[in-house]
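Chemist: This structure is in structure tokens; I'll ask about it shortly.
The values are calculated or read from the model by the stated rules, or taken from the named source; none is laboratory data. Please read all numbers here as calculations on a predicted model, not as lab measurements. FYI the Cβ positions are ideal-geometry reconstructions off the backbone, even for glycines, and counts take in every protein chain you see. These accessible areas exclude ligands, DNA and RNA; they are computed on the full protein's heavy atoms, side chains included. Shrake-Rupley method; radii C 1.70, N 1.55, O 1.52, S 1.80 Å.
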Amino acid sequence: MARADLDKQPSDVRRMFDTVAKRYDLTNDLMTAGIQRSWRRSMVDAVAPRRGDLVLDLAAGTGCSSEPFAARGATAVPCDFSVGMLRQGKKDRPGLPFVAGDGTRLPFLDDTFDAVTISYGLRNFVDPVAGLKEMHRVTRPGGRLVVCEFSRPVNAALRTVYLDGFMRALPRIASLTASAADAYVYLAESILAWPDQPGLAGMLSDAGWQQPEWRNLTGGIVALHRATA
């Protein structure tokens, strides 16, 4: 598997997610001690879906992140390039319209969606800025983008505990539930190699998004970035 600080090979990343699909949601809950549920609620609030909105949820995996949009009356379209994730999602959530697609070459027309979201997936793109440009292309003028991604804790003490403690322990924690703990070595490395909050805001601007802003969650372990098409 390609290391996170080198060029990502899409086939490697796809295969990695295929192998962890069956227990992916459970593993994420365990790794975050359930905190990811509050992060998800904050994500939905940031998107502010309205009844009748068409929301594209990229890197949606098994569709766990898509359900809350549908619950608020929007039409949520979960899209992922891992067939293993999509199969598991269709088994768990048969009512969602899962779509297979590469985030850098989305299978949708221009100006289609009222909102686009992506949670913990942008850092796995071989070219994140190209992916952000594709998201902009498929979003209607005035539509919104919300990116939920791991980031940099703003407090020095928390940053030390998080980077030197949790990140080192993450593969061991994942091994309790995941069938391919090596995949979580990659995921930990990809988090460490990812830009900080201002860095991601700059990427949004480079991709054509307007007024990028962010909100830190759990001290900056995760950040919500929001922008307008």
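Chemist: Please give the strands (runs of 3 or more DSSP E) falling wholly within segment 54-158 in which 2 or more residues are without any contact (Cβ under 8 Å) to a residue 24 or more places away in the chain.
Modeler: Details: elements: 54-58, 75-80, 113-119, 139-150.
The qualifying strands (runs of 3 or more DSSP E) are 75-80.
Chemist: Another one. Is it true that Arg215 is modelled with pLDDT of 95 or more, among the charged types (D, E, K, R) and open to solvent by 30 Å² or more (accessible area, probe 1.4 Å)?
Modeler: Working: modelled with pLDDT of 95 or more: yes; among the charged types (D, E, K, R): yes; open to solvent by 30 Å² or more (accessible area, probe 1.4 Å): yes.
For Arg215, the condition - modelled with pLDDT of 95 or more, among the charged types (D, E, K, R) and open to solvent by 30 Å² or more (accessible area, probe 1.4 Å) - is met.
Chemist: Might you check whether a residue that is of a type in the set (Ser, Thr, Tyr), free of Cβ contacts under 8 Å to residues at least 60 places away in the same chain, open to solvent by 30 Å² or more (accessible area, probe 1.4 Å) and not in a loop (DSSP other than H, G, I, E, B) occurs anywhere in segment 200-211? Steps first, answer last, please.
Modeler: Looking only at segment 200-211, we keep the residues that are of a type in the set (Ser, Thr, Tyr), and these are 205.
Going one step further and asking which of them are free of Cβ contacts under 8 Å to residues at least 60 places away in the same chain, we end up with 205.
Among the residues that remain, those that are also open to solvent by 30 Å² or more (accessible area, probe 1.4 Å) are: 205.
If we keep only those that are not in a loop (DSSP other than H, G, I, E, B) too, we end up with 205.
Yes, some residue in segment 200-211 is of a type in the set (Ser, Thr, Tyr), free of Cβ contacts under 8 Å to residues at least 60 places away in the same chain, open to solvent by 30 Å² or more (accessible area, probe 1.4 Å) and not in a loop (DSSP other than H, G, I, E, B).
Chemist: Does Ala157 satisfy the condition of being closer than 25 Å to Trp194 by Cβ and modelled with pLDDT of 95 or more?
Modeler: In short, no.
Chemist: Please go through segment 85-143 and pick out each residue that is over 29 Å from Ala193 (Cβ atoms), open to solvent by less than 20 Å² (accessible area, probe 1.4 Å) and aliphatic (A, V, I, L, M).
Modeler: Scanning segment 85-143 gives a single hit, Leu96.
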